[in-house]
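Asker: Questions regarding the structure given below will be posed in turn.
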Amino acid sequence: MKKVFSLVMAILFGAAVSFAQTPATTPATTEPAKKEVKKEVKKAGAATKTAVKKTDAATKTAVKKTDAATKTAVKKTDAATKTAVKKTDAATKTEVRKADTATKTEVKKADAAPKTAVKKTDAATKTEVKKADAATKTEVQKTNAAAKSDARVTSSGEHLKKDGTPDRRYKENKTATNSDHLKKNGTPDMRYKENKKDSIK
C-alpha cells in the first residue's frame, strides 16, 4: 500500500513540475496547454488507479495464499497432535490396566495369606480350648470328690471343715453357735445391742 501511495505521489509531483515548467503565455495559448495537462493528469490518475487495483489484487491473492497455507499447516498439526494424544491415551490405558491387574493379584495374595494364617490359628486355639476344657472338667470333678470326702459329720450331727471349725453352710451349725453376733474375723459386731452391753461392763 505504501508503494502505491508513493507511486501516486511521484506521478502527481511529476505532473506538478511539468505544469510549473510550462511558459506563461497568453490565454489563447494556455488553454490548449491546460487541456494537455488535464489529459496527462487524467492519464496519470488512470495509471495510478490501475496500479492500485493491481497491487490490491496481488496483496489479496498473497493473503489468500498465506491463509490457505496456515490453515493447512494448522490442520496438519491438529491431526498430528490428535494422533499423538490418541497414542498416549492408549498407552496410559494399557499401563493402567496392567497396574490394576497387578494390584488386584497382589491384594488377593495378601488377603489369602492372613486368612490361611487365621484359619490355622483358629484351629490351634480351638484344640487348645478343648484340651483346657477337658483338663478343667477333670480338675473340677476331682475337687468335688475331695470336697465331699472333706465334709465330715461329727457324732453330734455338726458338719466340720478340714481345720475343725463348724461349717456355716449347714443350718444346724448356724443356730448351734452363741447368739452373739461376730464378724468374720471372730470379733463381736458392735452394731448389735447385746454386743454393746458386753463392752460397757
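Asker: Which count do you get for residues in the stretch 131-163 that are modelled with pLDDT of 80 or more and in contact with a strand residue (DSSP E or B) (Cβ under 9 Å, 6 or more places away or on another chain)?
Answerer: The qualifying residues number 4.
Asker: Does the stretch 100-109 contain at least one residue that is surrounded by fewer than 10 Cβ atoms within 10 Å (Cβ to Cβ), assigned to a helix (DSSP H, G or I) and out of contact with any helix residue (DSSP H, G or I) (no Cβ under 9 Å at 6 or more places or on another chain)?
Answerer: yes
Asker: From the list K38, K93, which residue is farther than 30 Å from K3 by Cα and charged (D, E, K, R)?
Answerer: Result: K93 is the single residue among K38, K93 that is farther than 30 Å from K3 by Cα and charged (D, E, K, R).
Asker: Quick check, is A117 surrounded by 10 or more Cβ atoms within 10 Å (Cβ to Cβ) and at pLDDT below 85?
Answerer: yes
Asker: Okay, next question. Condition check: closer than 30 Å to K162 by Cα, part of a helix (DSSP H, G or I), aliphatic (A, V, I, L, M) and free of Cβ contacts under 8 Å to residues at least 12 places away in the same chain. Does A73 satisfy that?
Answerer: Spelling it out, it is not the case that A73 is closer than 30 Å to K162 by Cα, part of a helix (DSSP H, G or I), aliphatic (A, V, I, L, M) and free of Cβ contacts under 8 Å to residues at least 12 places away in the same chain.
Asker: List every residue pair whose Cβ atoms sit under 8 Å apart, with the two residues 6 or more apart in sequence or on different chains, where the first one lies in the stretch 130-153 and is under 23 Å from R168 (Cβ atoms) and the second, anywhere, is of a type in the set (F, W, Y) and modelled with pLDDT of 75 or more.
Answerer: none
Asker: Name every residue in the stretch 166-186 that is exposed (fewer than 10 other Cβ atoms within 10 Å of the Cβ) and at pLDDT 85 or above, in order of residue number.
Answerer: Listed by number, the residues that qualify are K184, N185.
The values are calculated or read from the model by the stated rules, or taken from the named source; none is laboratory data. Source: prediction; values computed, not measured. Every residue, glycine as well, gets a Cβ built from its backbone with ideal geometry; the counts of neighbours run over all protein chains shown.
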